[in-house]
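Data first, discussion second: the structure below is written as structure tokens.
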Amino acid sequence: MTHSRSIPDALRWRGKARCALGDMASGLEDLEQAAALAPAHPWHLAELSIALSANGRIEDVRRIRDDLVERSERVWIPPSAIALAQRALGEYDAALRWLERAFQTRDFLCAVFPLEAMFVIPLPGQDRSIRDDPRWTDLVRRVGLMQAPA
């Protein structure tokens with residue numbers, strides 16, 4: 001018996017791992033292949049946007065972000081996915097607004113975004129990390145995954 005969903009999932013996770021390890025070209029290849037094999041979840045598209053950004057494909061990132069935002073006006077799209085796509089564009093203020101919306105709407109991915117490697121991967125033209133922003137630290141504290149500074 002074949003598991004039609006297992007191959008795209010394996011490619012997705014391998015792609016994320018490759019990106020986290022700094023092999024952005026191979027990570028992008030895996031994430032694109034996974035998206036081609038099965039309908040991509042919004043979070044997968046957001047992950048893909050990080051790999052695209054790291055490979056200089058900013059217009060593709062914008063298309064993903066715009067698609068996610070447009071669809072969010074009609075159906076539930078995790079705000080955290082849009083935040084990650086905004087982060088891929090280096091638009092930290094917009095990303096943090098979407099993360100705040102994720103927190104307010106109890107987006108289930110709030111529990112993992114402080115641990116998500118895709119928020120940490122260095123991207124071309126981005127000289128700082130979203131994690132350096134005090135709003136990130138405050139949000140992570142409110143999610144309950146770290147203690148407030150003493």
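All of the numbers you see were taken from the coordinates with simple rules; none came from a lab. Please read these numbers as outputs of a predicted model, since none were measured by experiment. Every residue, glycine among them, receives a Cβ derived from its backbone with ideal geometry; neighbour counts consider all protein chains shown.
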**Study point:** Degrees, to the nearest 10: 92-104 long Cα axis against longest axis of the chain
**Key:** 80
Review point. PRE reach from residue 117 (point 7 Å along Cα→Cβ): which of the range 23-43 fall under 18 Å by backbone N?
Key: 23-35, 43
Point to revise | Between 0 and 90°, nearest 10: helix 79-88 axis offset from the chain longest Cα axis | key: 80
Study note, to complete from the structure: Ratio for the range 85-132, C-alpha Rg to 2.2 N^0.38 Å, reads 1.13
Revision key, fill the gap. Phi angles of the range 108-117, converted by Karplus (6.51 cos²θ - 1.76 cosθ + 1.60, θ = phi - 60°) into ³J(HN,Hα) in whole Hz with x for Gly and Pro, give 4, 6, 4, 5, 10, 4, x, 9, 6, 4
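Which whole-number percentage describes the relative contact order of the chain, with Cα contacts under 8 Å and a sequence gap of 6 or more?
This gives 18 percent for the chain.
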Study note, to complete from the structure: For the chain the translational diffusion coefficient, Stokes-Einstein from a Kirkwood Rh over Cα pairs at 37 °C and viscosity 0.692 mPa s, in µm²/s, is roughly 211
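Given 0.36 nm per residue, what is the gain on full extension from residue 6 to residue 97 after removing their alpha carbon distance, in nm?
29.4 nm
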Point to revise | Added length on full extension, which subtracts the Cα-Cα distance from 0.36 nm per residue, residue 71 to residue 133 | key: 19.5 nm
Check your understanding: How far is helix 24-37 tilted, in degrees, relative to the longest principal axis of the Cα atoms in the chain, given as a value from 0 to 90 rounded to the nearest 10?
Key -> 70
Point to revise | Kirkwood hydrodynamic radius of the range 20-96, Cα pairs, Å | key: 12.3
Review point. For residue 66, what is the net charge nearby, where nearby means another residue's Cβ is under 13 Å from its Cβ and Lys, Arg count +1, Asp, Glu -1?
Key: -2
